[in-house]
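Everything on this sheet refers to the single structure shown next.
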Amino acid sequence: WVKPNLLSSTIHFAESNRLDLLSVISHQIIKSSQERLWLPGVFLGFASLIDFGRINDPQDSYAIASGQFLLFRSEAYKSMDGHRLIRMELNDDLAFAREAKKHHLHFFCAFGEHLLETRMYHSLKEIWAGFSRNAADITQSTSIVRLLANTVYIVSVAVGAIVLPAIVVLSYLATPNP
């Protein structure tokens with residue numbers, strides 16, 4: 001869901017900062033019980049593996065982007081050969097961010113939860129399919145061992161986000177009243 005000032009705000013920001021590519025990370029809408037149960041922990045697990053301090057450093061090749069909103073300066077898009085350049089990539093958003101940095105274009109990734117809302121998944125099956133497809137790219141895993149380790153870590157964080165509050169509640173309920 002797009003907020004009324006999304007385009008004017010992002011275009012102004014991109015022009016003011018002479019950006020070639022702007023990616024906006026949206027607010028995630030979470031509705032179903034499966035989403036409420038799993039997504040906060042999954043997001044936390046992934047976020048803890050992302051080095052946010054490096055994303056917007058033009059000298060650093062590390063790049064993360066959200067495909068939910070990509071704003072290109074047309075000349076920059078054409079200079080990279082657009083979608084043709086990344087046609088074989090599974091995750092076009094991350095590929096565009098990496099290529100923009102590789103081509104020395106001015107790339108910026110920003111949080112824009114006040115500008116854009118997205119519902120990515122509706123069920124545990126969709127959550128698994130979506131994040132497992134993106135896991136290697138998002139975590140920048142360069143080997144199967146690293147990907148496996150990162151996946152175990154993310155699942156552990158997600159399960160922990162469910163189990164720890166449950167333990168606290170059960171502990172509280174089991175404590176006799178004075």
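The values are calculated or read from the model by the stated rules, or taken from the named source; none is laboratory data. Remember, it's a predicted structure, so these values are computed and weren't measured experimentally. Every residue, glycine as well, gets a Cβ built from its backbone with ideal geometry; the counts of neighbours run over all protein chains shown. When the accessible area is computed, the model is the full protein with side chains, heavy atoms only, and any ligands, DNA or RNA have been set aside. Shrake-Rupley method; radii C 1.70, N 1.55, O 1.52, S 1.80 Å.
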Site residue 102, offset 7 angstrom along Cα→Cβ, radius 20 Å on amide nitrogen, limited to region 130-156, gives 134-144
One can check that the equivalent ellipsoid of region 101-178, built from the alpha-carbon gyration tensor with semi-axes equal to the square roots of five times its eigenvalues, has lengths in Å, largest first, of 35, 19, 14
With a 1.4 angstrom probe the carbon and sulfur portion of accessible area for region 2-98, in percent, totals 55
Among 129, 26, 143, the residue whose Cα sits farthest towards the positive end of the charge dipole of the chain (+1 at Cβ of Lys and Arg, -1 at Cβ of Asp and Glu, taken about the Cα centre) is 129
Along principal axes, largest first, the alpha-carbon spread of region 1-102 in whole Å comes out as 44, 31, 27
Rounded to two decimals, the Debye log10 I(q)/I(0) of region 67-147 (Cα scatterers, no solvent) at q = 0.13, 0.20 Å⁻¹ is -0.52, -1.09
In Å², rounded to a whole number, the accessible area per residue of the chain with probe 1.4 Å is 61
In nanometres, the difference between 0.36 nm per residue of separation and the alpha-carbon distance of residue 156 and residue 51 is 35.9 nm
Hits in region 139-156: amide N under 15 Å from the 7 Å Cα→Cβ extension of residue 90, namely 139-152
Excluding residues fewer than 8 positions from residue 78 in its own chain, the lysines with Cα under 30 Å of it are 3, 101, 102
Toy charge model, Lys and Arg Cβ at +1, Asp and Glu Cβ at -1: region 67-178 dipole around Cα centroid in debye, rounded to 20, equals 240
Here the chain gives, from Cα atoms, an Rg and Dmax in Å of 18.9, 72
In the chain, helical segments from DSSP H whose Cα atoms cover 30 Å or more along their own axis and that average at least 1.6 on the Kyte-Doolittle scale are 144-174
